[in-house]
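Colleague: Take a look at this one; I'll ask things after.
Derivation of every value follows stated rules applied to the coordinates shown; laboratory data play no part. On a predicted model such as this, the values are computed, not experimentally measured, just so you know. Using ideal geometry, Cβ is built from the backbone for each residue, glycine included, and neighbour counts are taken over all protein chains shown.
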């Protein structure tokens, strides 16, 4: 039974025309919608309401054209490393069809409005990427924004991803941090990775009031 009839309602560029017989794996219903551009598409209720689907696809195409024409760094001949990094970030966080979306945008990782809307803003904040470095989120559960990003080596990035909660700085010290409620909390600097990991787990438990069983077992062992 459909709790609410969406026929006639408009969600971004999509106007709902009718209910279809198509159902999702979990039983969700699909609505036939007409886009402002005139094309038709079928969209699930949740995707309409949460804004994941805003058009038939024309909005993404228009956005792509806009961001490719302003700064002269996106063409095949003039494409810069920084632009490629920015475009990759946009793709995995904002484009449903991207092969890496499920690991980023699908898990709630977002890009701050300043960067999402403007490559020049991203470049102004991060600067040119030093040779051999890549874009890294300091807290890999946090969003892409200036306070949580840096240029890092592949080794540093892999280390940060693996250890989940701290990274090794240029002074060979370990710095734990955690991102919650749009705030990056720096948790100090430690001589050993064990100290950094312990600090991270304790902060995570305090902020979330919960730890997954595996993390709780690790924390208990560290406290012995």
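Colleague: Quick one: go through region 169-200 and flag any residue whose amide nitrogen is under 17 Å from the point 7 Å out along the Cα-to-Cβ line of residue 209.
Modeller: 180-181
Colleague: Also, I was wondering about something else. Go through 119-126, 21-28 and give me the packing order, highest mean Cβ count within 10 Å leading. Mind showing how you got there, number by number?
Modeller: Working: 119-126: 17.2, 21-28: 8.9.
Packing proxy ranking, top to bottom: 119-126, 21-28.
Colleague: Would you mind getting me the FRET efficiency between residue 118 and residue 218? Use the beta-carbon distance for r and R0 = 45 Å, nearest 0.05. Spell out each step's value before the answer.
Modeller: Details: r = 41 Å, r/R0 = 0.91.
Efficiency computed from Cβ-Cβ geometry: 0.65.
Colleague: Rounded if a/c is under 1.5, else prolate if a/b is larger than b/c, else oblate: which is region 106-159, with a ≥ b ≥ c the root eigenvalues of its Cα gyration tensor?
Modeller: Working: a/c = 2.45, a/b = 1.13, b/c = 2.18.
Oblate.
Colleague: Based solely on its DSSP helices, what 222 nm [θ] is calculated for the chain when runs of n ≥ 4 H residues each add -39,500 (n - 2.57) and the sum is averaged over all residues, nearest 500 deg cm²/dmol? The partial results should precede the final answer.
Modeller: Details: 8 runs with 78 residues, N = 224.
Calculated at 222 nm, the ellipticity per residue is -10000 deg cm²/dmol.
Colleague: Next question, about the same structure. For the Cα atoms of the chain, what angle does the longest principal axis make with the long axis of helix 81-94, in degrees from 0 to 90, nearest 10?
Modeller: For helix 81-94, the angle is close to 60 degrees.
Colleague: Could I ask something else about it? For the chain, what's the relative contact order in percent, using C-alpha pairs closer than 8 Å and at least 6 residues apart? Walk me through the numbers on the way to the answer.
Modeller: Numbers: 301 pairs, mean separation 18.4, N = 224.
Relative contact order for the chain comes out at 8 percent.
Colleague: What are the extents of the Cα atoms of the chain along their three principal axes, listed from largest to smallest and rounded to whole Å?
Modeller: 62, 50, 24
Colleague: Rounded to the nearest 0.05, what FRET efficiency do residue 20 and residue 96 give with R0 = 25 Å and r taken as the Cβ-Cβ distance? Could you check? All intermediate terms of the calculation are to be shown ahead of the outcome.
Modeller: On the way: r = 19 Å, r/R0 = 0.77.
It comes out at approximately 0.80.
Colleague: To continue, here is another question. Could you work out how far helix 213-223 tilts from the main Cα principal axis of the chain, as a 0 to 90 degree angle to the nearest 10?
Modeller: Approximately 20 degrees, to the nearest ten.
Colleague: Quick check: the angle from helix 193-208's long axis to the longest principal axis of the chain, C-alpha only, nearest 10 degrees?
Modeller: In the chain, helix 193-208 runs at an angle near 40 degrees to the longest axis.
Colleague: Can you work out the FRET efficiency for the pair residue 192 and residue 134, with r the C-beta to C-beta distance and R0 = 35 Å, to the nearest 0.05?
Modeller: Working: r = 26 Å, r/R0 = 0.74.
Calculated value: 0.85.
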